[in-house]
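S.K.: This is the structure I want to talk about, given as structure tokens.
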Amino acid sequence: MIDQNLLDAVKTYSENMTRPISFVLGSGEHSKRAELIDFLTKIAGTTDKINFDSTVTDDSLPSPISFAVRSHIDGALTDTGIVFSGIPGGHEFTSLILAILQAGGHTLKLDEGVQKLVKRFNKPLQFQTYVSLSCHSCPDVVQALNQFALLNDGISNEMIDGALFQEQVDANNIQGVPAVFLNGKPFANGKIDTAKLIEKLQEQYPDLLDEASDDDAEQLEQQDVTIIGAGPAGVAAAIYTARKGLKVTMVADRIGGQVKDTQDIENLISVPLTNGTDLSTNFVKHLGEYNITLKEHVSVKEIGETKDENYSIHLNTGEIFNTRSIILATGAQWRKLGVPGEDENVGKGVAYCAHCDGPFFKGKEVAVVGGGNSGIEAALDLAGIVKHITVLEFADGLKADQVLINKAKEKTNIDIVTSAATKEIKATDGKVSSIVYEDRNTSETKEIELAGVFVQIGLVPNTGFVKGFVDLNRFGEIEIDERCRTDRRGIFACGDVTTVPFKQINIAMGEGSKAALSAFEYLVMQ
């Protein structure tokens, strides 16, 4: 279940703890209970800073295979609000280790502005986060909510391994992860970052916040350059501007952006093979080599103008600071079909990540909408899990690389339908049951019975917060010239959010570097 290398890592990490923690087990019997006890015993055996006694139980915990992570503060065992239901292996092992370290006094990963905001939440918030241990997006949500719990006594978070609580999954019609419930009601589904969690909370509870204190009013001094976004373009822009000796701040919901969700990357020049997780980790390392103020896990609500012809950045945490120039590198997000039944059935059969949600459809019929690289890659990922995949492509031919098309045609459980216009996604008893499409050649309407629809039709630029502020084209992309300049003085843009053709990692990095050099040129000429 847990190898020695992981146990050695726990022992090393525990050196950063400033106080001990305890695992407290729920009571009762379960077929997986002995395995969980062995798992926790081995972790506790790595250091005297982690305590576990399987004979000490708490009847208030949700199940016999639930355990709480509690801190020893001033000699008393204190509830942190963090509970794991299941055995957090796979990708969730990191969530457990971080919960141990942070409950043990290690520094939280959240931006200080976010921490101050969460401490001001004035309502009881009980989160339940259903996960799959193979989901690479789930840990981000679990780790964010665990930190919320550590910051505010009114917040709790229970990670639930959906595979071990199938009755709950069925009762809640969950067919996608992460699935977050708040105070017993659906709250969020699918990939969602810390900034979006906070925005949703603020929308759902307009009176969620206590008044800010004097400490919360502390603001960042004026910056030379503010980069909004931290994908390949944003990271390149930050490094290039920092190397010029400028005062640089980067604002981002997460480092890596869309790249973080990418599996194999085989076309990054000079690197034959990498993946989104590793590349994002290297982004963080490279940024750390320079004097860059990083505002991660936050979002920009608004950009304003100042009296001295500079700009003000308004964050969702309530922070405001001024900047002499801005580089917009906010990238893009998955494009939706925009057909009836799509939004209503997200997490109930409609999904956007084959890797995360594919296991929910084991042995079932599904469709992938989209015949580009992402669509064919999704079909190939699903081929080893589901019974059958139908790829629906609107155009008369597939747009994916030929090497991917060849692999798909070799699979006996993948069918490809071109000239197919998706019209509707139908559901029965709260779960997707079929997809309706029109044959564009014959105008005939057809319906396929299935359990899941994976939407992979490209990206839409993240420009909502600058609409009306800078010029956009009809696709919502930011209009730029050959030097990455927008129509506004001192505002530049780069990467997938712009009109530059060919949305590729290599191109985004180059555009980010170009935008940085243009911003530097602008600043020295002022």
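The values are calculated or read from the model by the stated rules, or taken from the named source; none is laboratory data. The structure presented is a predicted model; accordingly, all values stated were derived computationally and were not measured. Here Cβ is always computed from backbone atoms with ideal geometry, including for glycine, and neighbour counts include all displayed protein chains. Just so you know, the surface numbers come from the protein's heavy atoms only, side chains and all, with ligands and any DNA or RNA stripped out. Shrake-Rupley method; radii C 1.70, N 1.55, O 1.52, S 1.80 Å.
S.K.: Could you sort E444, E342, E477 by accessible area so the largest value comes first, with the probe set to 1.4 Å?
M.R.: So the residues, ranked largest to smallest area, are E444, E477, E342.
S.K.: Moving on. Rounded to the nearest 500 deg cm²/dmol, what is the calculated helix-only ellipticity per residue at 222 nm for the chain, with -39500 (n - 2.57) per DSSP H run of length n ≥ 4?
M.R.: Value at 222 nm, helices only, nearest 500: -8000 deg cm²/dmol.
S.K.: Long-range amide H contacts for Q333: which residues qualify at under 5 Å (H placed 1.01 Å from N, peptide plane, sequence gap of 5 or more or a different chain)?
M.R.: Under 5 Å from the amide H of Q333: V460, N462.
S.K.: Dividing the Cα radius of gyration by the Kirkwood radius, what Rg/Rh value follows for the chain?
M.R.: Taking Rg over the Kirkwood Rh, I get 0.98.
S.K.: Between Rg and the Kirkwood Rh of the range 312-424, both from Cα atoms, what is the Rg to Rh ratio?
M.R.: Here the Rg-to-Rh quotient is 1.14.
S.K.: On average over all directions, what projected area in square nanometres does the range 85-193 have, based on the convex hull of its Cα atoms?
M.R.: 6.5
S.K.: If you take the Cα atoms of the range 1-41, find Rg, then find the Kirkwood Rh from the mean of 1/r over all pairs, what is Rg/Rh?
M.R.: Over the Cα atoms of the range 1-41, Rg/Rh equals 1.05.
S.K.: Sticking with this one: Can you list residues whose amide H is under 5 Å from N51's amide H, if they're 5+ apart or on another chain and H is modeled 1.01 Å from N?
M.R.: Amide H neighbours of N51: I21, S22, F23.
S.K.: If you count only protein heavy atoms with a 1.4 Å probe, what accessible area per residue comes out for the chain, rounded to a whole Å²?
M.R.: 45
S.K.: May I pose another question? Over every pair of different alpha-carbon atoms in the range 414-476, take the mean of 1/r and invert it; report that Kirkwood radius in Å.
M.R.: 14.6
S.K.: Please report, to two decimal places, log10 I(q)/I(0) for the range 301-345 at q = 0.15 Å⁻¹ as given by the Debye formula with identical point scatterers on the Cα atoms and no solvent.
M.R.: Evaluating at q = 0.15 Å⁻¹ gives log10 I(q)/I(0) of -0.59.
S.K.: In terms of solvent-accessible area of protein heavy atoms at a 1.4 angstrom probe, what is the ranking of E438, E511, E449, E521, highest value first?
M.R.: The ranking, largest first, comes out as E449, E521, E438, E511.
S.K.: When all alpha-carbon pairs of the range 222-311 are counted, what percent fall beyond 19 Å?
M.R.: 43
S.K.: Same structure again: Have a look at the DSSP beta bridges in the range 267-425 and tell me what percent are antiparallel, nearest 5.
M.R.: Close to 50 percent.
S.K.: Sort out for me the Cα centre separation of the range 297-318 from the range 2-75, rounded to whole Å.
M.R.: Using only Cα atoms, the two centres lie 44 Å from each other.
S.K.: Near A329, within a Cβ-to-Cβ distance under 11 Å, what is the net charge of the other residues, with Lys and Arg +1 and Asp and Glu -1?
M.R.: -2
S.K.: To continue, here is another question. Leaving ligands, DNA and RNA out of it, report the carbon-plus-sulfur percent of the accessible area of the chain at a 1.4 Å probe.
M.R.: 47
S.K.: By residue number, which cysteines of the chain lack any other Cys whose Cβ falls under 4.7 Å from their Cβ?
M.R.: C484, C494
S.K.: Considering Cα pairs under 8 angstrom that are at least six residues apart, work out the relative contact order of the chain and quote it in whole percent.
M.R.: Relative contact order, the chain: 12 percent.
S.K.: Convert 4 °C to kelvin, take the viscosity as 1.567 mPa s, use the Kirkwood radius over C-alpha pairs of the range 48-133 as Rh, and evaluate the Stokes-Einstein diffusion coefficient in µm²/s, rounded to a whole number.
M.R.: So the translational diffusion coefficient is about 87 µm²/s.
S.K.: Return the equivalent ellipsoid semi-axes of the range 376-519 as a descending list in whole Å, where each equals the square root of 5 times an eigenvalue of the C-alpha gyration tensor.
M.R.: 38, 19, 14
S.K.: Accessible surface of K200 in the full protein assembly, 1.4 angstrom probe, to the nearest 10 Å²?
M.R.: 70
S.K.: For K49, give me every one of the aspartates and glutamates with a C-alpha distance below 19 angstrom, ignoring sequence neighbours fewer than eight places off in its own chain.
M.R.: Counting by Cα, and skipping residues close in sequence, K49 has these aspartates and glutamates nearby: D8, E15, D38, D74, D79.
S.K.: Given that compact globular proteins tend to follow 2.2 N^0.38 Å, what is the ratio of the alpha-carbon Rg of the range 147-270 to that value?
M.R.: Normalised Cα radius of gyration, the range 147-270: 1.42.
S.K.: Per q in 0.19, 0.22 Å⁻¹, report the Debye log10 I(q)/I(0) for the range 266-318, using one uniform scatterer on each alpha carbon and no solvent.
M.R.: For the range 266-318, the Cα-only Debye profile gives -0.84, -0.91.
S.K.: Which three numbers, in whole Å and largest first, are the semi-axes of the equivalent ellipsoid of the range 466-526 derived from its Cα gyration tensor as √(5λ)?
M.R.: That gives 19, 16, 7 Å for the three semi-axes.
S.K.: Something else: Put I82, I480 in order of accessible area, largest first, 1.4 Å probe: what do you get?
M.R.: Putting I82, I480 in descending order of accessible area: I480, I82.
S.K.: Now, a different point. What's the center-to-center distance, using Cα atoms, between the range 394-473 and the range 324-373 in Å?
M.R.: Using only Cα atoms to place each centre, the spacing works out to 10 Å.
S.K.: Beyond 19 Å, how much of the Cα-Cα pair distribution for the range 100-156 remains, as a whole percent?
M.R.: 32
S.K.: Here's a follow-up. Please name which of N441, G229, L61 has its Cα lying farthest along the dipole of the chain towards the positive end, using unit charges on Cβ (Lys, Arg +1; Asp, Glu -1) and the Cα centre as origin.
M.R.: Most positive-ward Cα: N441.
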